[in-house]
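The values are calculated or read from the model by the stated rules, or taken from the named source; none is laboratory data. If you're wondering where the values come from, they're calculated on a predicted model, not measured in any experiment. A quick note on method: Cβ atoms are made from the backbone with ideal geometry, for glycine too, and the neighbour counts reach across all protein chains shown. Heads up: the accessible areas ignore ligands, DNA and RNA and are worked out on the full protein's heavy atoms, side chains in. Shrake-Rupley method; radii C 1.70, N 1.55, O 1.52, S 1.80 Å.
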Amino acid sequence: MSVDIANDEVAEVDDPTTKLLTVARRTGLRIGTCSTVVRDAAESWGAARVNLHALTTELSPDHVPGERMTVALVKEGRQPRQAVGYLPDGDMVW
């Protein structure tokens with residue numbers, strides 16, 4: 001999603017990053033960006049910001065679909081040929 005700021009919104013400012021930070025400060029909005037320039041500027045302004053690159057890294061799974069793993073099965077499941085085990089991070093698998 002992109003944000004378009006009208007030219008007359010912050011007419012006294014030419015720099016797009018400064019315009020963005022000015023509007024964010026006036027409206028109380030948090031800035032979500034992958035841009036280090038915008039993120040650093042927001043930090044120096046004390047503006048609320050979200051590093052979208054770091055967020056995606058934190059939310060990415062530790063294991064990819066189809067990856068083979070060995071899991072100790074600790075109890076029987078409810079159906080035949082089912083069992084319950086736990087990954088090292090504590091997630092349950094069956």
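Of the GluC sites (Glu not before Pro) in region 43-94, the ones in a loop by DSSP (not H, G, I, E or B) with at most 16 other beta carbons within 10 Å are Glu67. Computed on the chain, with alpha-carbon pairs under 8 angstrom and 6+ residues apart, the relative contact order is 14 percent. Using only side-chain charges placed at the Cβ, +1 for Lys and Arg and -1 for Asp and Glu, the dipole size of the chain relative to its Cα centre rounds to 560 debye. Along the axis of the charge dipole computed for the chain (Cβ charges of +1 for Lys and Arg, -1 for Asp and Glu, origin at the Cα centre), the listed residues Thr27, Gly46, Gln82 are led at the positive end by Gln82. Taken per residue, the accessible surface of the chain reaches 83 Å², heavy atoms only and a 1.4 Å probe.
With all protein chains in place and a 1.4 Å probe, the accessible surface of the chain carries 52 percent carbon and sulfur. Go ahead and run the numbers for FRET between Ser35 and Leu73, Cβ-Cβ distance against an R0 of 35 Å, rounding to 0.05. Computed FRET efficiency for Ser35 and Leu73: 0.15. Can you list which of the trypsin sites (Lys or Arg not before Pro) found in region 1-82 are DSSP loop residues with at most 15 other C-beta atoms within 10 Å? Hits after loop and neighbour filter: Arg30, Arg68, Arg78, Arg81.
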